[in-house]
Structures are given as C-alpha cells and as structure tokens.
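Colleague: What follows is a structure written as structure tokens; I'll ask about it next.
Just so it is clear, none of the values below were taken in a lab; they were calculated from the coordinates. What you see is a predicted model; the values in this text were computed from it and never measured. Note that each Cβ is placed from the backbone with ideal geometry, even for glycine, and that neighbours are counted across all protein chains shown.
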Amino acid sequence: MSRVHVTLSVNGEPREMLCEAHQSLLDALRDELGMTGTKEGCATGDCGACSVLADGRLVCSCLMLGVEAEGMDITTIEGIAQGSELHVVQRKFLEAAALQCGICTPGFIVAAKALLDQNPNPDETTIRYWLAGNLCRCTGYDKIVRAVQDAAQELAYEA
Amino acid sequence: MAKVVFPDHLLQQTGGTKETTVEATNFRGVLRALEKLWPGIEETLQKTAVAIDGQIYQDAWLEPVRPDSEIYFMQRIEGG
Amino acid sequence: MAEAHDYKAIGTRPVRPDGVDKVTGRANFGADLNLPNMLHGKMLRSPHAHARIKRVDVSQALAMDGVYAACAGGDFPTNERTTDLAKNCMARDKALYHGHAVAAVAARTPYIAERALDLIEVEYEPLAPVLDVDEAMADGAILVNENLHTNGDASKPASNVAAIVKFERGDVEQGFAEADVVVEVDCRVPTAHQGYIEPHACTATINEEGEATVWCCTQGHFDVRSLTANVLGKSVGEIKVIPSEIGGGFGGKTIIYLEPIAVKLSEMSGRPVKMVMTREEVFRATGPTSATHCRAKVGAKRDGKITAASAWLAYEAGAFAGAPVGPGCMSILAPYDLEHFSIEGHDVLVNKPKVAAYRAPGAPQAMHAMESAIDDLARELGMDPIDLRLKNSADEGTQAPYGPVFPAIGFRKCLEATKAHPNYTKPKAEGTGRGVAAGFWFNIGMQSSAEARLSEDGTVTVVEGNPDIGGSRASMCLMAAETLGVPYDRVRTHVGDTESTGFCNVTGGSRTTFATGLAVVQACEDIIAQCKQRAAATWDIDVEQVDWADGQAIPKPGVNVDANPLSLRDIAKNAGRTGGPILGRASVNAQGAGASFSVNFADVKVDRETGKIDVLSFTGIQDAGTAIHPAYVEGQMQGGAVQGLGWALNEEYIYDENGVMENAGFLDYRVPVASDMPMIDTQIIEVPNPSHPYGVRGVGETPIVAPLAATSNAARDALGFRIADLPLSPPRVLEAIDNQADA
C-alpha cells in the first residue's frame, strides 16, 4: 500500500513521516515517530489518554488522521516541559500525588495546560468540565483537580 | 489438643463432623492428623486458607500450634 | 507492637521516584515497546456466546502477503490436565462466550493482521447460551460445561453451580424468632468492569533454544511466567518476564490473556510479536467482575441489638468456575458481632467472559445487599445508622463470621470518627438524601522478596518484584529510609524482572506495602547488621558493642573506644576494605495482613424529572494501620470511592438476548468523569497492625466496598423508597419513580 508523506512540526521541531492513509495521528506519532508518551486507552475518542494540541487546540489524536496533520504544529506530552524544567502543571501533579498508575497522566497534563493557556483562573467546575474528556480510573479526580488549581494559583502569583 | 473447625461446605469430606481436636505441634502435623482421620482431606485442605488463633495463613506448614490453639479452615482469599 | 511513633520518613508526602518519567511521557507502558523486525498479532474472537468449534482453518490467512504466523486451539497442548486458564486464552472444542479467542495471526502491520482474521475459516455449531445467574441455577438449565458437578460431587447430575459455600453459627431461626423487627433486601447487580485505562498489551520473542522473553503490563510478572509456562507446556525457567509500567489493573491484570499466544506466534514466525488489545476486546474478553443476585435478611430487638442475619448469594463466574463468592460470604457480616447467622453462596457458570479479581473481589456486591438491609433496619427502628452499627460492631476479640477472632481492628474508631465528622454532624441540605455504609476487606500477605544494595557513595537501591501500580516505589523508599535512618532521597526502588529479583506474588490483595514492605524492611535490617559488623571490625570491638542510630554505627554507651560514628556513607566507601559489597536481602511469606474496615457516607440529590443522581459530597473514613505515604493512601480511598460510585450509579454490561455485549466502549459503558464527581473527603484512621513492623494494613481494596450501599442508602433517603438493584442509572431511577407514583 502506498504511504503518504506528511510534513509537520512536533513540539516545535520540523518532522516528516510516512503514514498509511487510514493511520490515526496517535498511531503515526507512536509508530512512525517513536513518540510513545501519547497513550491509547480506547481509540474512539472517549478516554483522552491520547490528548495532544493541534495548532494549539486540544484534540484526541486517535480521532485525527496522521495525514490531516500536514503542515500543523503538534504539541505532545514530550513537549510540555521546557528543557530540563518541568511545566508548572507537571510539577503540581507530582507534588499533589495526582497520578497513581500514570497511564492517563500525559493526556491530563496536555489538557490541563491547554485549559490554563486560555483560562489562567478557572474555578473547580470549569476544571472538572474541561477535563471531562479525560478518564482516570485510579485517583477519583480529587487530586488531579487540586493539582490544576494549585498550578493556576502559582501562575496567578507569578503573573 | 488443638481445636479444629471446618466450614459447612467441607462437611461432606468429614462425614458431617464440624469440630474435632488433634494432637500436633505445628500446622503440618494438624494436616497429617486430619488425613489419618479422613484420607484424602489433606489435598482439599491444602487449597484452603487457615486461621490459627485468629491469624490468617495461606501456606503455613511450619506455624506452631499450641494445645489450646483454635484452627479454622476457610476460603482462600484472592485480591484485586 | 507498633505504637504511635515519631517517624522521620514514614507519614511524609515526598514526590514519588518514578513521578517525573510519568508526567513527561518517558515511562514505558505495555504497548510502548517496539523491537526490530517485530510483527503485530491479532486475535479472532467467537461471534457466538456458546458454540461448538467443529473446524478452524488458518491456511488462507497464512497465504496472505505480510502474514507470518497463525495459530488456533490445536496448536496448544490439550489433555485432561489442560487448565481453564489455558482454555480461556484460546478456545479448544467450545467457544464459551462472545469474544472468546479462537485463533490468532501475526503480520507485518496491525492492519494486515486484522484483514487476515477475515480469512480464517471457523465452522461453528451454535448452541443456546445461558446468560443469567438465576436462569443458570434453574432445573434443566443449559449447561456451560457438561462435566461440571457442584463441589466436585460426581454422584449428582452435572450443573452450572460449580460450588456452594456455607458459613453458619448459632440457630438462625431462633435468632429471627427473637427479633422485634426483621427486614429483607433482594437485589441484583449486573456485570461491571475494572475499567483500567491501559488495554492489555505484550511483546514476546523466543529463540531457537525455546527461551522466551515477554514484556507486558501486569500486576505480577512471576505469575505471568508460571501461567504462560502452563499454557505452553514449557518450564518456568524457559520464560523471562519483564514488567512494563502498568496502566491500572484493579485485579484485572493478575491473570493472562495474550502472552502465551504472542510466544506461540513468535515461535512460529521466528520474529518478535506484539499484541495489544482494543478497548472493545478488553470489555468483551477480559475479566469483568461477577453479576450477582443477593438476598440479605436481618432481625433485631427494639433497642437495636441484632439477633440474627442471613444471606443468600449467587455470583456469575462467567464461562469457567471461580466467582469470588467465598470472599463475598466471608465479608458480608464481618463488621458485626453476631450470635446467630447463616450465609450461603453459589459460584455459577454462565456464557459470559470469565470473571477476574476486581478490587476486594466479591465484597462490594455482598455488602451492598447487607448494608442496604442494615440501613432499612435503622429506619424501622428509628435509630441513627451509626448508632445501630456501634451497638453491633465487631471489635478486638470478636469472632469473625468466617471463624477466627479479630486482633486489634479499627471499625469502632471509624464509626466514632464518622459520628464526629463535620460532614456528618452538618444537617443535610433540603431535598437531598444521606446514606451510610460500612466496608471491610481482609488483605492478603503471601510471598515477597527484596534486596537492598548499598552503593559505594552510601545511596541504597532497593530491588523488589511488585509492579508499581499506584506509588509503591515511594512507599518502599520511605520504609527503607525509616529503617536505615537516612533521608528519603538516598534510597531508590527498582522493580526487577523475573531474573533480576526474587519471587514476589502479585501486586494485589492490598499486599504490596504490607508484605513486600516487610521484605524491604528486613533487607534493610540485614544491611544494618552487616554495617554493624563492618564498624566493629573497623573499631576492633565486638559487634555486640555497636549500635545503629540515625543512619550511623556508634559504639554502645560505655564502650571504651576512640571512634567517631560511621555513617552509611563511610561504611559504603570502605566496604571493599572491610569485606566487599554490602547487600541486604530478605524473603518472606508474610502472615498477619490486618483487616481494614471503613465507613463511607454520601449526600445525594435526585432529579425527579430525569432520574439522574448527583453526588453532592462523599466522605471516606478508613483504618490504614499506618499510612506510609498519606497522599497515596488518600488516593486509594478517593479512587476506590469513585470506582464504587460509578458501579453504583452507571456502570453495567448490557447484553442482548444472544449474549452480545451492546455497550463495549467507554462512550456507553460509562465510568465516572471529573464533572460527575465532587471532591472526595477522606479521614485516615490509624490502628496499627500488630503484625507489621510499622503497623501497615493493606488499604487498596476496602475503599470500593462501601460506596455501593452508601449510594443506595442515600438514594433511599432522598427518594423515600428503596431501589434495591444497581446501578441507580437515570432510566432505572426514573422508572422506579414512575412506578412509585402509579402505586
């Protein structure tokens, strides 16, 4: 089967990949670029473990085709920290024990960063509805929501 | 003599005996004594858990048994 | 016995050692490994819930370009000793549930493998399925297994009832006759899934000498090794299992599905084979927990003293025997001190996937029934539900319903803490309901090994064999640091594979922090003993004259020697000069896992227009023995609560009349999302377990036990009548409201 040449930017770096036409962006990231930080929990857009930013917009990478990423700027979990410095959301997840098994964590962190990028001061309800597309089966969400609240508070303090 | 108590679903193997006493110094000895009373029962009991004086064991051959010990056979517990 | 201590490390909340890798995407989970030349395996699954397999022909699939191997039941050893587990991994003569594996292929890409499945020919003789526990127990029921006899008694006709278990004490009829009030609850709880977010995944490779290596996400790689060996007819020594990080399990990853198939396909193709389940496969073919039908009856005097209780439990096992009905029977009355009771449980085969352990296996369904009845009893008596439980509560010295006498337990403390809790003393809001329930789980001990290796700069590497499913590396580090008297960040914990660490039973049964923790503590004590010897040799005194305190060897008071204390770092630096590397080790079969009790209460609001129940607040109070890392103990309590709330409110397998699950995806099998839930308040009670050096009780499972009944009881309070069955999903609640209005 012929494969499609795709040129895109991943975490600010220009990348090329050969995708099969039916291949999801999730599979292309994991299998063609070897970036396995983005996880698959369902492949039907229900669990959010595969969350990435496509041109700044939060999407489930399992619901996008790799070929649709042509020319796009994709941000994955591997691009959230700046060099050796963790993003505040990552730091707060660690400090608040907001992960147990950790499989949903990349998706939650990408989603939470996207929220704080557009709304630096969300209330609890806003956080809960924004993160409603990400399933966590371990934590009961309590510590995840608190970690995002803590991150927002620190960002507000720094601003 | 240590007291041994069986759960109701094991009574078909003990001919209806729910409670008995045995002479033994450890749990392996208890199993041997019971096997003498009801040949074949040891194999079944190896698959159960046991409580000796309130403490639950899954595999406890060497656990000491005192003359006044109370031994309850029970279901093995799996965990999630 | 452990008393309240001024611990230095234990009880603190440091960042877990594997944390950074898990927030940056570096951590490798089951599906994250790729090997050169690797193939992708896919499973063909039965379209029938019950069918004889007359013939399987993989030849056309094998002929397809890009396909390198294919196998079916006939490729695996089959004889009278073949285990149910082996037959569950790959069907032999019968497919026993919709989704049962019947063949597999390995191909260059997952896409080719999927298309190759269409070319496998299977000739089925469809049989009528039996799909419900009551139907399966009825006379003349269709038999899932024609050779199965209840409790192995071949003198009786074959049956779907694999086992009946009974626990009785006193004279239950007399007890009920003495009661002033008797209440009864009859309830059904449908099949629910553990719902771990990571699907099962493995990669396997085998060399020409038959030595296999398996990478997989599992709760116990030593069990994967022995179970895979069993299915393949290999020796344990021929298989090495390397655990990846694990994306949730809750009991569902204590067994195997893919691993022997991947090894077989690798053997056939001569290449590594990776297999990853889809979410749909996870729902259709991996262990959910039992659907149940339970009856609970309880009678009491006017003053609240319970005179008798009885329970009848029937649990679906799925296609093979082994429902967790025994633990259900043993849990159901554990919180209470009773003179007369009888409990009877049934392990029943149906044409559904074989159930697997799910967090406190069997207890939530059973205690949902009894704790609902206890709640109704409190209402009938006009008593506060906590007061009723306090009047009848088990305590140290109470004989548990399953036989033994409880040592120190924390149930009364949990009840007293509930009564005093601000969420409980606060009046409930207008139009809302409040429900209380008790929870219990045994916890298990079992076998663990650990090594503690002293590095040349005095840092310590702990190696143990329990996959870290929720922060256990941090707990091991804390216990090691406490024992050695060094800071937390001087210790790292590594989860070793089957060849690099000693045997450990699964991460499950709430045993890891308790049993493997015990091994880690003993391994560190071994290091201390060796360090004292090295110090004694250095100072030229007797080892009996050396103490260990605050991470250093010091001469005992009064020992006349000109010596400065030797720290772990000093001793490590000179280890070569004093005898070589220092390696502590321990192996245990841990006994005395302490029972953990809980009390949960919820405030809910019912929307009478839609039938939707909102949980306004939820409080979990639980005895943890000693909380090693309190944040992760709270996390277990919160996560278990929300799993229980999902079970209570929405989660259920919906089957059509042919035994096909109609909601095999997260869109329609609805687990709780963040916007469904409030914050989950927790209070950790600490009644130290006398059998652990730091007083640890397992805490992971008890949290899921009480939420089912707590939610049901809260809904009962809000609605004014009880809906006995679960889940309390909008359609069921709305129908009940309509029926109530009609009545």
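Colleague: When C:Met661, A:Met35 are ordered from fewest to most other Cβ atoms inside 10 Å of their Cβ, what list results?
Modeller: A:Met35, C:Met661
Colleague: Kindly express, to the nearest 10 degrees and within the range 0 to 90, the angle between helix A:142-158's C-alpha long axis and the longest C-alpha principal axis of chain A.
Modeller: 80 degrees
Colleague: Continuing with this model, one more query. At most 10 other Cβ atoms within 10 Å plus a DSSP loop assignment makes a site exposed; report the longest stretch of chain C without any exposed trypsin sites (Lys or Arg not before Pro).
Modeller: C:82-576
Colleague: C:Asp489 versus A:Arg3, label points 7 Å from Cα toward the beta carbon: distance in nm?
Modeller: It works out to 4.4 nm between the two label points.
Colleague: Let me ask you something else. Spin-label point model (7 Å from Cα, Cβ direction): what's the C:Asp65 to C:Val559 distance in nm?
Modeller: 7.8 nm
Colleague: Subtract the Cα-Cα distance of B:Val5 and B:Thr48 from 0.36 nm times their separation in residues, and report this length gain in nm to one decimal.
Modeller: Gain in length upon complete extension: 14.2 nm.
Colleague: Please flag any cysteine in chain C that has no other cysteine's Cβ under 4.7 angstrom from its own Cβ.
Modeller: C:Cys71, C:Cys89, C:Cys187, C:Cys217, C:Cys294, C:Cys329, C:Cys414, C:Cys477, C:Cys504, C:Cys524, C:Cys531
Colleague: Something else about it: Taking the Cα centre as origin and putting +1 on Lys and Arg beta-carbons and -1 on Asp and Glu beta-carbons, what dipole magnitude results for the range A:4-79, to the nearest 20 debye?
Modeller: Magnitude of the dipole: close to 180 debye.
Colleague: On to the next question. Which GluC sites (Glu not before Pro) from the range C:643-721 combine a DSSP loop assignment with at most 15 other Cβ atoms within 10 Å?
Modeller: Working: sites: C:Glu651, C:Glu652, C:Glu657, C:Glu662, C:Glu686, C:Glu701; in loops: C:Glu651, C:Glu652, C:Glu657, C:Glu662, C:Glu686, C:Glu701.
Those satisfying the criteria are C:Glu657, C:Glu662.
Colleague: Along the Cα→Cβ direction, 7 angstrom out, place labels at C:Lys419 and C:Asp607. What is the inter-label distance in nm?
Modeller: 3.8 nm
Colleague: Now for a separate question. Taking square-rooted eigenvalues a ≥ b ≥ c of the alpha carbon gyration tensor, is the range C:72-133 rounded, prolate or oblate, where a/c under 1.5 means rounded and, failing that, a/b exceeding b/c means prolate?
Modeller: Numbers: a/c = 2.15, a/b = 1.41, b/c = 1.52.
Judged from the Cα gyration tensor, the range C:72-133 comes out oblate (a/c at least 1.5, b/c at or above a/b).
Colleague: Given the options C:Gly299, C:Leu338, C:Tyr315, identify the residue whose Cα lies farthest towards the positive end of the charge dipole of the range C:204-352 (+1 on Cβ of Lys, Arg; -1 on Cβ of Asp, Glu).
Modeller: So the residue we want is C:Gly299.
Colleague: Just to confirm the filter: which chymotrypsin sites (Phe, Trp or Tyr not before Pro) across the range C:491-587 are DSSP coil and have at most 15 other Cβ within 10 angstrom of their Cβ?
Modeller: C:Phe503
Colleague: Moving on. With a/c under 1.5 counting as rounded, go ahead and sort the protein assembly as shown into rounded, prolate or oblate using the C-alpha gyration tensor (a ≥ b ≥ c being the square roots of the eigenvalues; past the cut-off, prolate if a/b is larger than b/c, else oblate).
Modeller: Rounded, because the longest to shortest axis ratio a/c is under 1.5.
Colleague: Excluding residues fewer than 8 places away in the same chain, name every one of the lysines whose C-alpha is closer than 21 Å to that of C:Lys573.
Modeller: C:Lys532
Colleague: Would you mind pulling out the separation of the Cα centroids of the range C:19-92 and the range A:66-103, in Å?
Modeller: Their Cα centres are 33 Å away from one another.
Colleague: In debye, nearest 20, what is the charge dipole magnitude of the range A:88-158 about its Cα centre with +1 on Lys and Arg Cβ and -1 on Asp and Glu Cβ, if you could check? Mind showing how you got there, number by number?
Modeller: Details: 7 positive and 8 negative charges, 59 e Å.
My answer is approximately 280 debye.
Colleague: I need to check one value: relative contact order of the range A:88-158, counting alpha carbon pairs closer than 8 Å and at least 6 residues apart, in percent.
Modeller: The normalised contact order for the range A:88-158 reaches 51 percent.
Colleague: Can you give the Kirkwood hydrodynamic radius of the range C:1-41 from its Cα pairs, in Å with one decimal?
Modeller: 14.5 Å
Colleague: Select from chain B those chymotrypsin sites (Phe, Trp or Tyr not before Pro) which occupy a DSSP coil region and have at most 16 other Cβ atoms within 10 Å, ordered by residue number.
Modeller: Those satisfying the criteria are B:Trp61.
Colleague: Cα gyration tensor of the range B:2-74, axes a ≥ b ≥ c as square roots of the eigenvalues: rounded (a/c below 1.5), prolate (a/b > b/c) or oblate?
Modeller: It comes out rounded by the Cα gyration axes.
Colleague: Moving to a separate point now. Enter the Cα centre distance for the pair the range C:132-185 and the range C:599-674, rounded to the nearest angstrom.
Modeller: 30 Å
Colleague: Give the order of C:Tyr402, C:Tyr655 when sorted by the count of other beta carbons within 10 angstrom, beginning with the fewest.
Modeller: C:Tyr655, C:Tyr402
Colleague: Follow-up question, since we're still on this one. For the protein assembly as shown, what is the mean residue ellipticity at 222 nm derived from helices alone (per DSSP H run of n ≥ 4: -39500 (n - 2.57); sum divided by total residues; nearest 500 deg cm²/dmol)?
Modeller: After summing the helix terms and dividing by residue count, I get -8000 deg cm²/dmol.
Colleague: Report the per residue volume, in Å³, of the convex hull enclosing the C-alpha atoms of the range C:494-635.
Modeller: Measuring per residue, one finds 193 Å³ for the Cα hull of the range C:494-635.
Colleague: If the cut-off is a Cα-Cα distance under 23 Å, which lysines reach C:Lys612, setting aside same-chain residues fewer than 8 apart in sequence?
Modeller: Straight-line reach from C:Lys612, under 23 Å: C:Lys428.
Colleague: Sort out for me the Cα centre separation of the range C:708-743 from the range C:288-310, rounded to whole Å.
Modeller: Rounded to whole Å, the Cα centres lie 19 Å apart.
Colleague: Limiting things to C-alpha atoms, what are the Rg and the maximum Cα-Cα separation (Dmax) for the range A:88-158, in angstroms?
Modeller: 10.7, 33
Colleague: With point charges of +1 on the Cβ of Lys and Arg and -1 on the Cβ of Asp and Glu, referenced to the Cα centre of the protein assembly as shown, which listed residue (C:Pro129, C:Ile142, C:Ile256) lies farthest in the positive direction of the dipole?
Modeller: C:Ile256
Colleague: Assign unit charges at the C-beta atoms only (+1 for Lys and Arg, -1 for Asp and Glu), then state the dipole size of chain A relative to its Cα centre in Debye, rounded to the nearest 20. Working shown, then result.
Modeller: Numbers: 12 positive and 22 negative charges, 86 e Å.
That gives a dipole near 420 debye.
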